[in-house]
Ligand SMILES: Nc1ncnc2c1ncn2[C@@H]1O[C@H](COP(=O)(O)OP(=O)(O)OP(=O)(O)O)[C@@H](O)[C@H]1O
Ligand SMILES: [Mg+2]
């Protein structure tokens with residue numbers, strides 16, 4: 001694959017330009033499309049190495065579609081996606097498979113995204129075999145290592161998905177994503193289905209992994225408070241377009257676009273001017289002692305520096 005080399009520091013990990021996608025919403029009796037809906041209408045953004053871009057917006061805004069288009073899980077109608085120096089939309093199937101190894105996705109519902117008939121060890125071991133050719137004891141050892149990294153005991157490998165809670169299973173999904181040593185993880189509402197206390201644990205795990213491995217996240221959510229605390233940059237989507245983007249503190253502190261203003265005004269406020277800190281305090285209060293050793297650190301600290309709360 002000629003182009004998929006590591007990009008230089010100057011080139012972003014991911015560069016999306018004027019991405020477009022419409023879906024057929026109505027067909028005639030011959031199966032011909034008679035009505036289409038524009039789900040993504042000219043979306044552009046860049047994501048640097050080791051950073052998080054949050055995409056927020058209401059249901060139907062096109063957030064998940066953007067995530068899928070970036071990984072070419074759906075085919076765009078137009079636009080370009082440059083990932084790790086490769087032009088994703090012109091790659092052959094074979095080259096795309098290789099690139100996919102470095103770009104993973106985790107979903108809102110791990111029960112639906114993991115195969116219920118596979119033991120957790122098989123689920124995590126599959127990409128190890130496919131991408132790294134690991135077999136036998138070496139593969140088992142790596143599965144155990146990955147489970148440990150996401151805070152699960154080795155015995156987890158011999159159990160089925162239905163034996164776990166949502167939070168535990170989302171950790172399994174993260175371990176599976178990590179197995180292929182990705183550079184990018186598209187996280188589509190990864191904690192939306194979890195209790196608040198478990199949400200904070202999973203988010204902290206993602207932050208730790210980012211710090212350790214220089215991972216980049218495309219973090220899709222409709223929870224503005226959460227995205228504001230988690231993402232370095234935020235893009236607000238409405239009706240298939242990014243209407244405003246920038247660092248969360250600026251975007252939510254001084255929203256310019258009427259739609260962003262509307263979204264921000266809908267964030268629950270405990271005291272005027274303390275929106276962000278309220279959300280973060282809620283998460284912090286629910287954090288049990290150090291989900292991952294060795295160092296207990298403040299929740300979501302990487303974006304809180306300078307926050308007065
Ligand atoms: N496979 C598909 N076939 C037809 N229409 C689709 C398909 N996928 C998405 N859409 C439509 O595209 C629009 C954007 O959907 P998308 O799932 O990207 O929104 P979203 O912002 O992720 O919403 P949510 O917050 O509810 O997950 C919606 O109107 C949806 O109905
Ligand atoms: Mg979605």
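Can you give me the orientation-averaged projected area of the convex hull built on the Cα atoms of segment 77-221, in nm²?
Mean orientational projected area (segment 77-221, Cα hull): 9.3 nm².
Taking R0 as 25 Å, what's the FRET efficiency between residue 261 and residue 44 from their Cβ-Cβ distance, rounded to 0.05?
Using R0 = 25 Å, I get an efficiency of 0.65.
Obtain the nm distance between the two label points defined at residue 29 and residue 11 by a simple spin-label model: each point lies 7 Å from its Cα along the Cα-to-C-beta direction.
If labels sit at residue 29 and residue 11, their model points lie 5.3 nm apart.
Packing-wise, with mean Cβ within 10 Å as the measure, how do 230-236, 142-148, 121-127 rank, highest first?
The densest-packed peptide leads the list: 230-236, 121-127, 142-148.
Per residue, what volume in Å³ does the Cα convex hull of segment 145-221 take up?
Output value, Cα hull per residue: 89 Å³.
Given the Cα-Cα distance of residue 129 and residue 59 and 0.36 nm per residue of separation, how much length would full extension add, in nm?
Fully extending the segment from residue 129 to residue 59 adds 21.5 nm.
What does the convex hull of the Cα atoms come to per residue for segment 103-181, in Å³?
80 Å³
Assuming a ≥ b ≥ c are the square roots of the Cα gyration tensor eigenvalues, decide whether segment 196-250 counts as rounded (a/c under 1.5), prolate (otherwise, with a/b larger than b/c) or oblate.
It is prolate, given that a/c is not under 1.5 and a/b is the larger ratio.
What's the ranking of 70-79, 238-247 by average number of surrounding C-beta atoms within 10 Å, highest first?
Highest to lowest by the protection proxy: 238-247, 70-79.
Which order, highest average first, do 107-118, 201-212 follow once you tally other Cβ atoms within 10 Å for each residue and take the mean per peptide? It would help to have the intermediate numbers written out before the result.
Working: 107-118: 15.8, 201-212: 19.0.
Highest-to-lowest ranking by the protection proxy: 201-212, 107-118.
Evaluate segment 55-94: find the radius of gyration of its Cα atoms, find its Kirkwood radius, and give the ratio Rg to Rh.
Reported Rg/Rh, Kirkwood definition of Rh: 1.02.
Between residue 212 and residue 250, what is the spin-label point distance in nm, taking each point 7 Å from the Cα along the Cα→C-beta axis?
About 3.3 nm, to one decimal.
Just so you know, all these numbers are worked out from the coordinates, no wet-lab data involved. All values derive from a computational prediction rather than experimental measurement. Note that each Cβ is placed from the backbone with ideal geometry, even for glycine, and that neighbours are counted across all protein chains shown.
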